[in-house]
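Have a look at the structure below, then the notes.
The values are calculated or read from the model by the stated rules, or taken from the named source; none is laboratory data. This is a predicted model, so every value here is computed, not measured. Cβ placement follows ideal geometry from the backbone for every residue including glycine, while neighbour counts extend to all protein chains displayed.
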Amino acid sequence: MDSTVALPQPQYATHDVTNQAPPLAPYDASDDPVLIEGLRREGAEWAEEGIRRLGVRAGSAAAQEWGELANRHEPELRSHDRYGNRVDEVDFHPSWHHLMRVAVAEGLAGAAWADDRAGAHVARTAGGLVWGHTESGHGCPTSMTYAAVPALRAQPDLAKVYEPLLTSREYAPGLRVPTEKPGLLAGMGMTEKQGGSDVRTNTTAATPTAEPGVYTLRGHKWFTSAPMCDVFLVLAQAPGGLSCFLVPRVLPDGSRNAFRIQRLKDKLGNRSNASSEPEFDGTVAWLVGPEGRGVKTIIEMVNCTRLDCVMNSATLMRKTLVEAGHHVRHRSAFGARLVDQPLMRNVLADLALESEAATTLTLRLAGAADRAVRGDEQERAFRRIATAVGKYWVTKRGPAFTAEALECLGGNGYVEDSGMPRHYREAPLLSIWEGSGNVNALDVLRALSRETSAADALFGELAHARGADSRLDAAVTRLKNELAGTDQVGARRVVERMALALQASLLVRYAPAAVADAFCATRLGGDWGHAFGTLPAGAAFDAILERALPDRN
């Protein structure tokens, strides 16, 4: 008798992949009407073709892989050469250099300062909003290079030498004599371990030499990112008080300046970008601006980098929204595509509102910056307060936003391969860099108390939408009443109200009615829960989602 048992033949292979989203790339990172409308509205319509071209490149499979590899293969410190000589070099993966080369060539570093066209700074910000879809870390050196130019102008003789190199579109990695390179990158060294944001407690000492304007520094900086940059703007205590200095990595005679990197920081995110602790000991530096005016000199740099924090938060929101939208279009559960299920549509629509408000505000701030540097005093005053307001609020919303977008992918979003964990780790940095939430909230109070033109400019901006929405009008009235008695305890509350009113006023003026109505109903009218996805039943989900995530399939 045959004892062989016939086994059933498999009907399918266990490793067949079904009900999973295909790769998102290639896609167009500039395929966003909010971005394009803002670009045109803020005076940089001439840059649209270039932004669209950059958006296609940002969403390409190659560029997306560069972003992933640059974060997987983190920079490495090489403090000494094989013979024991200090070299203090940082080695990067080739993907980092690919990303940097494109960013600098596309004008995302200092090039806007050499462009006389109105809207040049808007075009740069729009470029960051699309190229940032690759990864965030390399935006640090490009941002600091951009921000260094107006600060350096406080010392015209130095600006004459270095500005043409900082505004160059040529990426030239490697430490050499700065003036012998076709293009430079700049960093900054402000914080120290005993003070952090309280830079007036810095202990790094600057000693004058016999040569006018030349000093030597001695001290230890706590958080100096992108240490491979060519030059740094550094705060140190001179005889006349806290002052700003230019510190090159390589001196004019070709010798290495004393810039001893003690270690690279082991950070939560922003892994592709090296952040370091440099030690100065006899480090040669050139004074930038008068002695004792270091904060005033370098604050121009901070104004620019704070705008970039808002920009990068808005970029992360848009990137993770696109990723979430792509996933739910291709994933089914309980008999229907996720995107067709009402609760998921509510979540996506709510995220879309937040993303549109962040992008619109970012481009408005960029427009104010562009017009301010061209002499518009009203825009200068608006920029002064609105950038701090936007820095506080948009960067605060980023971590919660990326967490919700990650959750749209379920367990897939919690896996490193999806890229979402990298975005999630990146988001909190932007509310910390260039001053945490408390620092920015207090800066808003400082502007209100010391610069009456700042409050006038903010309310002048809000007045452009007066009468368009009763909820917005009521919010502005409440805000005016609250300002009179605001102290430190209430600072965050009042700055949040400023931000929401400002975002709502922009959406009421420029966004479709469905978007503006849903934003005002929830963020101002109180018809909103504490989590994303709690829009009221009457919100126009279809119209909001078609604008934010049009189905191109």
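Values as computed for the structure displayed
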{"quantity": "Hey, ALA403 surrounded by fewer than 24 Cβ atoms within 10 Å (Cβ to Cβ), closer than 20 Å to TYR424 by Cβ and without any contact (Cβ under 8 Å) to a residue 40 or more places away in the chain or not", "calculated": "yes"}
{"quantity": "Identity of the residue in segment 274-292, surrounded by fewer than 17 Cβ atoms within 10 Å (Cβ to Cβ) and either on the phi > 0 side of the Ramachandran plot or not in a strand (DSSP E or B) (or both), that ends up farthest from the chain's Cα centre (by Cα)", "calculated": "GLY282"}
{"quantity": "Conditions (1) in contact with a Pro (Cβ under 7 Å, 6 or more places away or on another chain); (2) farther than 29 Å from PRO342 by Cβ; (3) not basic (Lys, Arg); number of the one not met by GLU451", "calculated": "(1)"}
{"quantity": "Filtered residues of segment 71-83 (kept if surrounded by fewer than 18 Cβ atoms within 10 Å (Cβ to Cβ) and touching a helix residue (DSSP H, G or I) at 6+ places or on another chain (Cβ under 8 Å))", "calculated": "HIS73"}
{"quantity": "Subset of segment 161-213 [over 24 Å from the mean Cα position of the chain (by Cα), buried (at least 18 other Cβ atoms within 10 Å of the Cβ) and of a type outside the set (A, V, I, L, M, F, W, C)]", "calculated": "TYR162, PRO178, LYS181, ASN202, THR204"}
{"quantity": "Residue among VAL17, VAL90, VAL104 that alone is more than 27 Å from GLU426 (Cα to Cα) and either in contact with an Asp or Glu (Cβ under 8 Å, 6 or more places away or on another chain) or among the aliphatic types (A, V, I, L, M) (or both)", "calculated": "VAL17"}
{"quantity": "Verdict on THR297 being under 30 Å from ALA238 (Cβ atoms), of a type in the set (Ser, Thr, Tyr) and either in contact with an Asp or Glu (Cβ under 7 Å, 6 or more places away or on another chain) or not in a strand (DSSP E or B) (or both)", "calculated": "yes"}
{"quantity": "Any hit, segment 322-339, residues being closer than 24 Å to ASP456 by Cα and at pLDDT 95 or above", "calculated": "no"}
{"quantity": "Any hit, segment 499-519, residues being in a loop (DSSP other than H, G, I, E, B) and either touching a His at 6+ places or on another chain (Cβ under 9 Å) or not basic (Lys, Arg) (or both)", "calculated": "yes"}
{"quantity": "Subset of segment 449-468 [in a helix (DSSP H, G or I), modelled with pLDDT of 95 or more and of a type in the set (Gly, Ala, Ser)]", "calculated": "ALA457, GLY460, ALA463"}
{"quantity": "Residue satisfying all of: in segment 456-495; surrounded by fewer than 18 Cβ atoms within 10 Å (Cβ to Cβ) and in contact (Cβ under 8 Å) with a residue 60 or more places away in the chain; farthest from ASN440 (Cα to Cα) among these", "calculated": "GLY460"}
{"quantity": "ARG271 being at pLDDT 95 or above and either part of a loop (DSSP other than H, G, I, E, B) or small (Gly, Ala, Ser) (or both)", "calculated": "yes"}
{"quantity": "Residue selected from segment 44-70 under the condition buried (at least 17 other Cβ atoms within 10 Å of the Cβ) and within 14 Å of HIS97 (Cβ to Cβ), by the criterion farthest from the chain's Cα centre (by Cα)", "calculated": "LEU69"}
{"quantity": "Qualifying position, being buried (at least 22 other Cβ atoms within 10 Å of the Cβ) and either closer than 19 Å to THR315 by Cβ or of a type outside the set (Ser, Thr, Tyr) (or both), among ALA118, ALA126, ALA114", "calculated": "ALA126"}
{"quantity": "Within segment 511-539, considering residues that are among the aromatic types (Phe, Trp, Tyr) and touching a residue at least 60 places away in the same chain (Cβ under 8 Å), the one surrounded by the most Cβ atoms within 10 Å (Cβ to Cβ)", "calculated": "PHE519"}
{"quantity": "Residue selected from segment 407-428 under the condition part of a helix (DSSP H, G or I) and either touching a Ser or Thr at 6+ places or on another chain (Cβ under 8 Å) or not assigned by TED's automatic domain parsing to the domain that holds HIS327 (or both), by the criterion surrounded by the most Cβ atoms within 10 Å (Cβ to Cβ)", "calculated": "GLU426"}
{"quantity": "Failed item in (1) polar (S, T, N, Q); (2) outside any loop (DSSP other than H, G, I, E, B); (3) closer than 25 Å to PRO278 by Cα, with SER136 passing the rest", "calculated": "(2)"}
{"quantity": "Of residues in segment 384-421 being farther than 14 Å from ARG364 by Cβ and among the aromatic types (Phe, Trp, Tyr), the one nearest to the chain's Cα centre (by Cα)", "calculated": "TYR392"}
{"quantity": "Sole exception among (1) farther than 17 Å from ALA548 by Cβ; (2) surrounded by 14 or more Cβ atoms within 10 Å (Cβ to Cβ); (3) of a type outside the set (Phe, Trp, Tyr) for SER30, by number", "calculated": "(1)"}
{"quantity": "Sole exception among (1) at pLDDT 95 or above; (2) among the β-branched types (Val, Ile, Thr); (3) closer than 23 Å to SER431 by Cα for VAL295, by number", "calculated": "(1)"}
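Each row is one residue, and each column tells you yes or no for (1) part of a loop (DSSP other than H, G, I, E, B); (2) at pLDDT 95 or above.
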| residue | (1), (2) |
| --- | --- |
| GLU170 | yes, yes |
| PRO173 | yes, yes |
| THR179 | no, yes |
| GLY183 | yes, yes |
| THR191 | yes, no |
| ALA210 | yes, yes |
| LEU217 | no, yes |
| ALA236 | no, yes |
| LEU242 | no, yes |
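Yes or no, residue by residue, for (1) buried (at least 24 other Cβ atoms within 10 Å of the Cβ); (2) out of contact with any Leu (no Cβ under 8 Å at 6 or more places or on another chain); (3) not in a helix (DSSP H, G or I):
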| residue | (1), (2), (3) |
| --- | --- |
| ASP370 | yes, yes, no |
| ARG380 | no, yes, no |
| ALA388 | yes, yes, no |
| TRP393 | yes, no, no |
| ARG397 | no, yes, no |
